1. What pairs can you find where one residue is in segment 80-93 and under 17 Å from A186 (Cβ atoms), the other is surrounded by 23 or more Cβ atoms within 10 Å (Cβ to Cβ) and acidic (D, E), and their Cβ atoms are less than 6 Å apart, with a gap of 6+ or different chains?
2. From the set of residues in segment 82-111 that are in a strand (DSSP E or B) and within 11 Å of the ligand (Cβ to nearest atom), which is farthest from the chain's Cα centre (by Cα)?
3. Which of the following residues is out of contact with any Cys (no Cβ under 8 Å at 6 or more places or on another chain) and within 30 Å of G81 (Cβ to Cβ): P151, P216, P167?
4. Among the residues of segment 48-69, write down those that are surrounded by 14 or more Cβ atoms within 10 Å (Cβ to Cβ), out of contact with any strand residue (DSSP E or B) (no Cβ under 6 Å at 6 or more places or on another chain) and outside any helix (DSSP H, G or I).
5. All but one of (1) part of a helix (DSSP H, G or I); (2) within 16 Å of the ligand (Cβ to nearest atom) hold for M79, so report the exception by its number.
6. Kindly list the number of the only condition in (1) outside any loop (DSSP other than H, G, I, E, B); (2) under 22 Å from Q197 (Cβ atoms) that fails for K126.
7. Looking at segment 38-54, I want the residues that are aromatic (F, W, Y) and have a partner that is part of a loop (DSSP other than H, G, I, E, B) and within 14 Å of the ligand (Cβ to nearest atom) with Cβ atoms under 8 Å, at least 6 apart or on another chain. Which pairs are those?
8. Scan (1) within 22 Å of L68 (Cα to Cα); (2) in contact (Cβ under 8 Å) with a residue 60 or more places away in the chain; (3) among the acidic types (D, E) for the single condition E134 breaks and write down its number.
Amino acid sequence: MKRKNVFVAFVFFVVQNKKSNNMNEPVKLKRAYGRRVFGRRMGRPMHKGRVDVIDTILPVRKIPKEVLTEDKSLSVADMFGELVTTLHFEIGFGNGEHLLYIMTENPTHHFIGAEPYLNGMSAFLKSLPSPTPENVRVHMDDALMVLNSLPDASVDFLYILNPDPWPKSRHHKRRIVNEANLKVYARVLKDGGTMVQTTDVDELAEWMLTKTINCPHFEWCAEKPEDWKTAPNGWMATRYENKGKEAGRSQTYLIYKRKST
Ligand SMILES: C[S@@+](CC[C@H](N)C(=O)[O-])C[C@H]1O[C@@H](n2cnc3c(N)ncnc32)[C@H](O)[C@@H]1O
């Protein structure tokens, strides 16, 4: 199918689904923390085991604040203390199920995960095998702080899975896929690198796709509707994704390649 027809089919699919699929409930904004994080930072009080990993594993696996200079100078090899051939970056990993899965599948690769939500961070750290893998670093704040610190063309895979939908029009500027951020994603991705975006909110899918294909650095990989309607081979659905499916929402998988410069 021609690229333009694929896009038209996608928009048609979104419109068809609008009647049956309610958008996610708006995330309640109690307070805007930091510069670019608008969601919640903490949830329910955690069990001792979940607090312990924040006290013990986080300090040794977090990216030190001093190197987050946002001037593209953060050396990935220095950060991991070894040569890095393939780097995966997950923005907003939630409880980290997907991040843990890709770590398990690719033990020789390196991984950075950013998640400002304390309970999510602790769930991920608690799920890590012991001894704690050397090939992962985390950041409990805005992902852009790390991305802006990374050099050009340093990331092979970038994942933005089920980002907060911010359904109200006046909150759309909070969406993590936007024109300004796409330039950052394009800068840090290597030529031919992969960006994966997923959502079960049709309006957000349309938004992310439109913004991304209008960014000259990305090429959408879909050739037929099945490519965005069905999970890629070897896909691991998070609890969040499964809950959406149980509620009758359909997941959209948008995969792009970073064009060569
Ligand atoms: C709806 S949840 C999805 C979690 C996970 N990706 C999944 O699919 O299960 C969106 C996540 O993005 C995180 N988030 C929001 N703004 C962020 C930012 N600026 N940098 C990194 N993560 C962010 C939130 O804390 C939240 O955990």
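Since every read-out is calculated from the coordinates, none of them should be taken as a lab result. Note that this is a predicted model, so its numbers are computed, not measured. Because the Cβ atoms are built from the backbone with ideal geometry, glycine has one as well, and the counts that use them run over all protein chains shown.
1. Close Cβ pairs satisfying both conditions: none exist.
2. By that ranking, first place goes to F89.
3. P151
4. L68
5. (2)
6. The failed condition is (2).
7. Sorted first by the residue in segment 38-54, then by its partner, the pairs are F38/V27; F38/L29; F38/A32; F38/D164; F38/W166.
8. Of the numbered conditions (1) within 22 Å of L68 (Cα to Cα); (2) in contact (Cβ under 8 Å) with a residue 60 or more places away in the chain; (3) among the acidic types (D, E), the odd one out for E134 is (2).
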